[in-house]
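**Q** Okay, handing you the structure first.
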Ligand code: ATP
Ligand code: MG
């Protein structure tokens, strides 16, 4: 059975200090899946299976694949562990392979901007991947601190501004909301 394919796919970035970047990309994934598109999300620097989106995709959404390429622990920006760097680099290789193969219509590189900011992966490699992506593959890059060179290559950039967040009122991460 044939399925729809995008014709002129673009490059999107969701960045900024407010909440809503990863969840915006998941909203987009849901919308695309509803129309029969296939979505691949790779989560850099994340290694916890406790994210609701992993369980939802596995249980209910066969056309949304989510993989993680990080540890469960926080990464030190000043002194990242060897394993953090290796996993991020491996994640980038996976992303490149999935994008080049062109089987998925949307490829979401979740938190890739943070992996770049922490110097876990190489900006030039990411720019090459963006430049060489197949025409029908839409790319979404999320995370704070997007580099200027990625903004220059992107077609759409949304900056989520922090105005209020309950974290600053002492509300810690809530199941189903933050994870
Ligand atoms: P979400 O995954 O909820 O869409 P996000 O992708 O925009 O959030 P990240 O920068 O990836 O946010 O932060 C990861 C976690 O921190 C999420 O649980 C998110 O809800 C929470 N968070 C986001 N922004 C803030 C903030 N300004 N202060 C405290 N916690 C935040
Ligand atoms: Mg996020």
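Just so you know, all these numbers are worked out from the coordinates, no wet-lab data involved. Because the structure is predicted, anything quoted here is derived from the model rather than measured. Because the Cβ atoms are built from the backbone with ideal geometry, glycine has one as well, and the counts that use them run over all protein chains shown.
**Q** What FRET efficiency, computed as 1/(1 + (r/R0)^6) with R0 = 22 Å and r the Cβ-Cβ distance, is obtained for residue 173 and residue 145, rounded to the nearest 0.05?
**A** 0.60
**Q** I need the calculated FRET efficiency for the pair residue 90 and residue 23, taking r as the beta carbon distance and R₀ as 25 Å, to the nearest 0.05.
**A** 0.50
**Q** Compare the peptides 72-81, 140-149 by average per-residue count of other Cβ atoms within 10 angstrom and give them in order, highest first.
**A** Listed from highest to lowest mean packing, they are 140-149, 72-81.
**Q** While we're looking at this one, here's another question. Place a point 7 Å from the Cα of residue 77 along the Cα-to-Cβ direction; which residues of segment 3-39 have their backbone N under 18 Å from it?
**A** Only 15-19 fall inside the zone, counting backbone N under 18 Å.
**Q** Would you mind classifying segment 78-169 by shape? Square roots of the alpha carbon gyration tensor eigenvalues, ordered a ≥ b ≥ c; an a/c under 1.5 is rounded, otherwise it is prolate if a/b is larger than b/c and oblate if not.
**A** Oblate, because a/c is 1.5 or more while a/b does not exceed b/c.
**Q** Let me ask something additional. Considering only DSSP beta bridges with both partners in the chain, what is the antiparallel share in %, to the nearest 5?
**A** If we restrict to bridges inside the chain, about 0 percent are antiparallel.
**Q** A follow-up question, please. Given the DSSP H assignment, sum -39500 (n - 2.57) over each helix run of at least 4 residues in the chain and divide by its residue total; what's the result at 222 nm in deg cm²/dmol, nearest 500?
**A** -10500 deg cm²/dmol
**Q** With a/c under 1.5 counting as rounded, go ahead and sort segment 34-103 into rounded, prolate or oblate using the C-alpha gyration tensor (a ≥ b ≥ c being the square roots of the eigenvalues; past the cut-off, prolate if a/b is larger than b/c, else oblate).
**A** Because a/c hits 1.5 or more and a/b fails to exceed b/c, segment 34-103 counts as oblate.
**Q** Right, another one. Springs between alpha-carbon pairs under 10 angstrom, Gaussian network model over the chain: which of 162, 64, 120 fluctuates most?
**A** Of 162, 64, 120, the most mobile in the Gaussian network model is 162.
**Q** By per-residue mean of other Cβ atoms within 10 Å, what is the highest-first order of 125-132, 15-22?
**A** Packing proxy ranking, top to bottom: 15-22, 125-132.
**Q** Considering all projection directions equally, how large on average is the shadow of the alpha-carbon convex hull of segment 131-179, in square nanometres?
**A** Its average projected convex-hull area is 5.3 nm².
**Q** Work out the FRET efficiency for residue 119 and residue 7 from their Cβ-Cβ distance, taking R0 = 35 Å, and round it to the nearest 0.05.
**A** FRET efficiency, residue 119 to residue 7: 0.45.
**Q** Oh, and also: On a C-alpha basis, how far is the centre of segment 61-90 from the centre of segment 92-171 in Å? Whole number, if you could?
**A** Centre-to-centre distance over Cα atoms comes out at 14 Å.
**Q** Tell me, what is the Rg over Rh of segment 11-163, with Rh the Kirkwood radius over Cα pairs?
**A** 0.93
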